[in-house]
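Beneath this line is the structure, given in structure tokens, with notes to follow.
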2 protein chains.
Amino acid sequence: MLVDCLDGSEVAAAVYQYANGVIDQRLPDSDVELEPEWALQDPADYVRTLQHVVPEVLVLAGVRPEEVGGVGIDFTSCTMLPTAADGTPLCELPELRGRPHAWVKLWKHHAAQPEADEVNAVAQERGEPWLPRYGGKISSEWFFPKALQILHEDPEVYVRADRLIEAADWIVWQLTGVETRNNCTAGYKAIWSRAAGFPSAEYFGALDPRFAGVVDEKMSRSIVSIGRRAGRLTERAAAWTGLRPGTPVAVANVDAHVSAPAVGGIEPGTVVVIMGTSNCHILLGERLAEVEGMCGVVEDGVVPGLLGYEAGQSAVGDIFAWFVANAVPPQIHELARREGSDVHRVLEEEAAGLAAGESGLLVLDWWNGNRSVLVDAGLSGCVVGLELATRPAELYRALLEATAFGTRVIIDAFERESVSVDRIVACGGLPHRNRLLVQIYADVLGRTIEVSSSQQAPALGAAMFGALAGGAFGSIREASERMAAPIAETYLPDHGKRRAYDELYAEYVRLHDLFGRGGDDVMKTLKRLRAEARQAVVPS
Amino acid sequence: MLVDCLDGSEVAAAVYQYANGVIDQRLPDSDVELEPEWALQDPADYVRTLQHVVPEVLVLAGVRPEEVGGVGIDFTSCTMLPTAADGTPLCELPELRGRPHAWVKLWKHHAAQPEADEVNAVAQERGEPWLPRYGGKISSEWFFPKALQILHEDPEVYVRADRLIEAADWIVWQLTGVETRNNCTAGYKAIWSRAAGFPSAEYFGALDPRFAGVVDEKMSRSIVSIGRRAGRLTERAAAWTGLRPGTPVAVANVDAHVSAPAVGGIEPGTVVVIMGTSNCHILLGERLAEVEGMCGVVEDGVVPGLLGYEAGQSAVGDIFAWFVANAVPPQIHELARREGSDVHRVLEEEAAGLAAGESGLLVLDWWNGNRSVLVDAGLSGCVVGLELATRPAELYRALLEATAFGTRVIIDAFERESVSVDRIVACGGLPHRNRLLVQIYADVLGRTIEVSSSQQAPALGAAMFGALAGGAFGSIREASERMAAPIAETYLPDHGKRRAYDELYAEYVRLHDLFGRGGDDVMKTLKRLRAEARQAVVPS
């Protein structure tokens, strides 16, 4: 996205569809199959994106390269890869191309749960002081579980990896020729803090003696703050993008975190909810609190001078998409076609006619595990209340409601620790596509929800950091004041629904605690039985 | 069905599709809407069936009326209706036609749960001696809860009802002009036994003073055993059917119970499982035992000289049909069309490729409540283990498995009370249509399952009783020996699956007990919230 620094307006935007998308079945051009819970990407797709998208945007905008003052990159996280010392991804080395661990591990790669369990158990045993900053649990999605999985399962790839790096930083490295490490991913995903640095070599060694030197051997202790300049565009990257060599490039950032300044949500007490395939909640605070199951709290992690709290739900739009792809019968697809509408909209319209509680259904929204507050990728989705009379639109509504309950659990956890929530701003693609969803969030939370007009908040936020790197502003706060997208729409809670939703929420919380806090381990048992069945390969 | 008495072979069969089918939305030709959980039928459909089907069968068979030695009727139960003294259904009186309680309440009418709760509570309070014979609980599907619902909700219809009668007996009344009451429905559905008769007037009066005289005012204490002749065809019924006036007509019987002699399952220790929209389990025993949640045990209820135990699952094929109608995406319907197959078969083929436990899913099969062993129509279905990778065939397999677990719970309950199960014979339409289902039952139960060749076991069983009424045999045992359908196929359990299924079953039982025995009342709460939401009618 190319953005005007004067007012934040979008000048042009383009999209490149990754050739290899999410790799979760087999490696590209290969018959190497992946285990369940794996999710990889191809770093060549990132470079191809730069090569396709930037030139296209310049053409669309009719803007000359010298008019571009800076470049900012936001990315998913923790999405990480092993590289050679010069930054070459190991999966691009012919001899390692057929090794799954040589590829990029996407944020939603969930196969490192055993390593995450170990990371947590050893930390607890040793009383590691950093654990409470992460809500008491490190997720399998994060840096060290993923790194440790490489060591455990393919030690040769681990040894060959001169660097283990966030994809966000790797892309900036490709643009600038300089390896930097940003404080946002380091803080949220790699257990780093300005005051204490990384966990100790003793801790890492307790996980595995070969892991003791992971930071010094494969990472860096030099962490650069977001808002700073990482470097300038190299000749090679200029040729890729059509931009001017020497164009300033900002330190890399994370899609969710960068959305807060983009939607003007950088005051303490504001929660920015980035709603898309998953939900991410960014909350700024002035006081350090230890909140159960938060993804992390990082000083200056979102904007300088404030504590940035992160929490999240690991599947939201992904659940609705799963439902439409796997569980909606032909007659509804047919109706959508006849009305020139889409399936989501047809379901939404019918679901909007139901009162709170009328579906008779309650759902636990853990199709992709739980990222907050339980932090357990071993959990799974659950539907209760099915009857012969249950209709697809009722299920659809129950799925929407479940994700709203999931957000309420997170906000309740913050408020329990006196991190107050005064304002909620929603952004991302979902709130624009699904009005019923936002209204349900307002009703379930009993709070007003403001929806940002930006449908590309991460790109807008990244552009702000690019502008900052280029010297257009003195601070991200200043950039946000000038460039942030206005609020498009405000949803007020319907207090008439409050009682029914409070009752449903109480049931949700009870089931959440039952299945999520060890009262009933059926979800874990089912995953184990599935893994054993797949290993046995005895089809019936 | 017209059957040859010499060997039980089917000479001809015909079907009449009820004009008004199952009435669960609004009354026919009316805008009177029904509440949730209601299910009615139109008695005129039963007469039209006789008028269409019998003449058609005679023509198809090329058989003369005088060659027909007897008529037997089997029917669903408890399906009951209020009539005038001459047998005219109250719903056929113009002034009562718009009153839902004047119609036939179909077996799966579930709106009398509050009355069932009362029937059980008062019985427990008074220590009624008959309660253990019904597994400790009377179902909302049975006679007195349904009768009491009429009294509570439409006392005028209750007062106008000179008779309250099982539809099975009502049809025989229409054929013979004689009102009889068979011991099978009386025993299983109306709390009657040869030794003790009906519950006392004191008991009924404790439910409602107006209900004290229900038996003497609206029923009959003269109960006739199955296997006897009810009467002979009247001139009117002969005109309807094209049969000879005076043709012997057997005492009415129940579809499930009559299947036992039809498939040759009348030895002690044999369970006959009638698998269709729901499952019914008929087990013959020599010893009276009180088994938790059985539907009932009746002396001579299935064959003379033995105790007939009944248990059941209130939705089986209905769940699979619900799934195909509501939750299977277009690509699978499309594939079925392309292959000239049907959706069930496509799902079955893919599901057959999965190992036990490989779906990662566990289902509670209570889409229509639970009839045994929990006897609670207030329960509902539950799916655990959903993930973004979950596919329709995995869900389908989990639904099949859940119904197998449900049958295992029932068989375990019998064996716990030392009612031994030595042999299992399956019949009904489902085992012929879905081979994977039967194999899963064999694997989950760890037992051999014999599938009867008869796809019309109830009709064949009814014909046996017709033959008996006509004097072709001296006993139903003799008729069964001559006419029973042979075993078509035998499914052996795959002991390699035993461990995985034992583990899954243990999880099933734990969730079954959690949600079904009061540990977690979420299903009840959801039904209550839905009822409140519908009453409020505040759409969002």
Note on A:Ser480: of the conditions (1) crowded, with 18+ Cβ neighbours inside 10 Å; (2) within 9 Å of another protein chain (Cβ to nearest Cβ), unmet is (2)
Mind listing whichever residues of segment A:374-413 are open to solvent by 10 Å² or more (accessible area, probe 1.4 Å), touching a residue at least 40 places away in the same chain (Cβ under 8 Å) and in contact with a strand residue (DSSP E or B) (Cβ under 6 Å, 6 or more places away or on another chain)? A:Asp376, A:Ala377
What number of residues in segment A:356-371 are under 18 Å from A:Lys497 (Cα atoms), out of contact with any strand residue (DSSP E or B) (no Cβ under 8 Å at 6 or more places or on another chain) and either of a type outside the set (Gly, Ala, Ser) or modelled with pLDDT under 95 (or both)? 1
Determine the pairs where a residue that is closer than 30 Å to A:Asp521 by Cβ and within 7 Å of chain B (Cβ to nearest Cβ), located within segment A:348-371, has a partner that is assigned to a loop (DSSP other than H, G, I, E, B) and of a type outside the set (Phe, Trp, Tyr) with Cβ atoms under 6 Å apart, the partner being 6 or more residues away or on another chain. A:Trp367/A:Ala315; A:Trp367/B:Glu387; A:Trp367/B:Leu388; A:Asn368/A:Ser314; A:Asn368/A:Ala315; A:Asn368/B:Leu388
Among the residues of segment B:454-462, is any open to solvent by 40 Å² or more (accessible area, probe 1.4 Å) and either in contact (Cβ under 8 Å) with a residue 40 or more places away in the chain or part of a helix (DSSP H, G or I) (or both)? yes
Across segment B:454-465, what is the total count of residues that are out of contact with any helix residue (DSSP H, G or I) (no Cβ under 6 Å at 6 or more places or on another chain) and either over 26 Å from B:Val343 (Cβ atoms) or within 14 Å of chain A (Cβ to nearest Cβ) (or both)? 4
Only one residue in B:Tyr46, B:Tyr16 is within 26 Å of the chain's Cα centre (by Cα), within 26 Å of B:Ala459 (Cα to Cα) and open to solvent by 20 Å² or more (accessible area, probe 1.4 Å), so which one is that? B:Tyr16
For segment B:110-174, please list each of the helices (runs of 4 or more DSSP H) lying entirely inside it that holds at least 3 residues being of a type in the set (Asp, Glu) and open to solvent by 20 Å² or more (accessible area, probe 1.4 Å). B:113-126
Of the numbered conditions (1) part of a strand (DSSP E or B); (2) over 26 Å from the mean Cα position of the chain (by Cα), B:Cys280 satisfies every one except a single condition; which is it? (2)
Looking for whichever is closer than 29 Å to A:Pro268 by Cα, touching a Pro at 6+ places or on another chain (Cβ under 7 Å) and touching a residue at least 12 places away in the same chain (Cβ under 8 Å) here; the options are A:Glu299, A:Glu310, A:Glu290. Which one fits? A:Glu290
Scanning segment B:283-307 for residues that are under 20 Å from B:Gly136 (Cβ atoms) and of a type in the set (Gly, Ala, Ser), the one farthest from the chain's Cα centre (by Cα) turns out to be B:Ala289
Restricting attention to segment B:509-528, and to residues there that are over 19 Å from A:His512 (Cα atoms) and surrounded by 14 or more Cβ atoms within 10 Å (Cβ to Cβ), which single residue is nearest to the other protein chains (Cβ to nearest Cβ)? B:Lys527
I need the full set of residues from segment A:182-211 which are open to solvent by 40 Å² or more (accessible area, probe 1.4 Å) and among the charged types (D, E, K, R), in order please. A:Arg194, A:Glu202, A:Arg210
Residues that are open to solvent by 10 Å² or more (accessible area, probe 1.4 Å) and under 28 Å from the mean Cα position of the chain (by Cα): does segment A:349-363 have at least one? no
Over segment B:304-343, the set of residues within 14 Å of chain A (Cβ to nearest Cβ), closer than 24 Å to B:Leu504 by Cβ and outside any loop (DSSP other than H, G, I, E, B) is B:Gln313, B:Gly317, B:Asp318, B:Ile319, B:Phe320, B:Ala321, B:Trp322, B:Phe323, B:Val324
Close pairs from segment A:57-69: first within 14 Å of A:Gly470 (Cα to Cα), partner open to solvent by 30 Å² or more (accessible area, probe 1.4 Å) and among the basic types (Lys, Arg), Cβ under 6 Å, at least 6 apart: A:Pro65/A:Arg244; A:Glu66/A:Arg244
Would you pick out the residues in segment B:492-506 that are at the interface with chain A (Cβ under 7 Å from one of its Cβ atoms), surrounded by fewer than 20 Cβ atoms within 10 Å (Cβ to Cβ) and closer than 24 Å to A:Leu386 by Cβ? B:Glu503
Residue hits (segment B:413-428; charged (D, E, K, R) and either closer than 14 Å to B:Leu400 by Cβ or assigned to a loop (DSSP other than H, G, I, E, B) (or both)) are B:Glu417, B:Asp422
Single match in A:Phe465, A:Phe473 (criterion: open to solvent by less than 50 Å² (accessible area, probe 1.4 Å), closer than 30 Å to A:Pro245 by Cβ and assigned to a helix (DSSP H, G or I)): A:Phe465
Checked pairs for segment A:161-188, first more than 16 Å from A:Leu90 (Cβ to Cβ), second open to solvent by less than 10 Å² (accessible area, probe 1.4 Å) and among the aromatic types (Phe, Trp, Tyr), C-beta under 9 Å and 6 or more apart or across chains, list as A:Ile171/A:Tyr46; A:Thr185/A:Phe143; A:Ala186/A:Phe143; A:Tyr188/A:Tyr134; A:Tyr188/A:Trp142
Any residue that is of a type in the set (Gly, Ala, Ser), within 28 Å of B:Ile411 (Cα to Cα) and open to solvent by 10 Å² or more (accessible area, probe 1.4 Å) - is there at least one of those in segment B:239-258? no
Look through segment B:429-453, keep the residues that are part of a helix (DSSP H, G or I) and among the charged types (D, E, K, R), and return whichever of them is most open to solvent (accessible area, probe 1.4 Å). B:Arg433
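The values are calculated or read from the model by the stated rules, or taken from the named source; none is laboratory data. Values in this document were obtained by computation on a predicted structure and should not be read as measured data. Please note: Cβ atoms are built from the backbone with ideal geometry, for glycine as well, and neighbour counts cover all protein chains shown. Ligands, DNA and RNA are excluded from the accessible area calculation, which covers all protein heavy atoms including side chains. Shrake-Rupley method; radii C 1.70, N 1.55, O 1.52, S 1.80 Å.
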